[in-house]
Amino acid sequence: MARARMLLVEDDASLAELLVWHFARENFDVQHTIDGEEALLLARETPPDIVLLDWMVEGISGIEVCRRLRRAAETQNVPIIMLTARGEEEDRVRGLETGADDYVTKPFSPRELVARVGAVLRRVRPALAGEALSYSDLEMDTVGHKVRRSGEVIPLGPTEFRLLKHFLEHPGHVFSRERLLDSVWGHDSDIESRTVDVHIRRLRKAINEGGRPDIIRTVRSAGYALDAGH
């Protein structure tokens, strides 16, 4: 298996050394920097397979690095895990809404972080390969354009299919209506944000048919997320 390229942005020298050791042992090719500006340059030069990004780093803040990585075409689909001592719910929502795929609060176990990174990469790589996506009891065949829940086929319209695909590629990630419009309908779309609510309702109705649990979470004043645990 090819070595996964990781960009580690962490200004705590002892923690960075520990993480480099653990991930190198798991066959990751780790590139480390303590500076947000340098992180953006490194990511543009050689887009990594995943970014571990501390919230508080030198130069540009981690949250701004995350925002800029998501705006750049070459890194917009690279998974990002935020590392931070900020454990409040508001901070977690802000980090996820900015574009992070996961959020790990310090202190943490390096072994747990290795497992979290592996889980994120397993979700992302099938999407890049154009194969299958899954979350909870939902399965999507992106090639055959089919969706199943608990083994039963669920008919979806093209927009609902694209919307669900986007959620499946970023489970747990809270997306605002504006972000969903950009990602699912496209930057040039003149569709109103209220249209997102209509398609969310249609998607919910389809995948929750038969009294199944609702796994689309509405986050007040923030947006929507695919979340089986809410």
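Scanning the stretch 171-206 for residues that are under 23 Å from R149 (Cα atoms) and touching a Lys or Arg at 6+ places or on another chain (Cβ under 6 Å) returns V184, V196. Each residue in the stretch 3-14 was checked for being under 19 Å from V78 (Cα atoms), open to solvent by less than 80 Å² (accessible area, probe 1.4 Å), modelled with pLDDT under 90 and not in a strand (DSSP E or B), and 0 pass. Looking across E38, E17, one residue alone is without any contact (Cβ under 8 Å) to a residue 12 or more places away in the chain, out of contact with any Cys (no Cβ under 8 Å at 6 or more places or on another chain) and not in a strand (DSSP E or B). It is E17. Scanning the stretch 149-164 for residues that are open to solvent by less than 60 Å² (accessible area, probe 1.4 Å) and in a helix (DSSP H, G or I) returns T159, E160, F161, L163, L164. Would you call D182 in a loop (DSSP other than H, G, I, E, B) and out of contact with any strand residue (DSSP E or B) (no Cβ under 9 Å at 6 or more places or on another chain)? No, not satisfied.
The test for being in a loop (DSSP other than H, G, I, E, B), over 26 Å from R67 (Cα atoms) and at pLDDT below 90 holds for G144.
Of the listed requirements (1) open to solvent by 10 Å² or more (accessible area, probe 1.4 Å); (2) within 16 Å of the chain's Cα centre (by Cα); (3) modelled with pLDDT of 85 or more, E74 misses just one: (3). If only residues of the stretch 167-179 that are part of a helix (DSSP H, G or I) and touching a Leu at 6+ places or on another chain (Cβ under 7 Å) are counted, the one that is modelled with the lowest pLDDT is E169. Filtering the stretch 198-221 to residues that are surrounded by 12 or more Cβ atoms within 10 Å (Cβ to Cβ) and part of a loop (DSSP other than H, G, I, E, B) leaves N208, E209, R212, D214, I215. Inside the stretch 163-202, residues that are closer than 16 Å to Y135 by Cβ and among the basic types (K, R) make up a count of 1. Contact map, the stretch 217-228: residues that are acidic (D, E) paired with residues that are crowded, with 21+ Cβ neighbours inside 10 Å, Cβ distance under 7 Å, separation 6+ or inter-chain. Pairs shown: D227/I215. Number of residues in the stretch 77-114 that are open to solvent by less than 60 Å² (accessible area, probe 1.4 Å) and at pLDDT 80 or above: the value is 19. For the stretch 119-128, filtered to residues that are open to solvent by 60 Å² or more (accessible area, probe 1.4 Å) and out of contact with any helix residue (DSSP H, G or I) (no Cβ under 8 Å at 6 or more places or on another chain), the residue that is modelled with the lowest pLDDT is L128.
The values are calculated or read from the model by the stated rules, or taken from the named source; none is laboratory data. Since this is a predicted model, take the numbers as computed values, not measurements. Positions of Cβ are generated from backbone atoms using ideal geometry, with glycine treated the same way; all protein chains shown enter the neighbour counts. We work out accessible area using only protein heavy atoms, side chains counted, and drop any ligands, DNA or RNA first. Shrake-Rupley method; radii C 1.70, N 1.55, O 1.52, S 1.80 Å.
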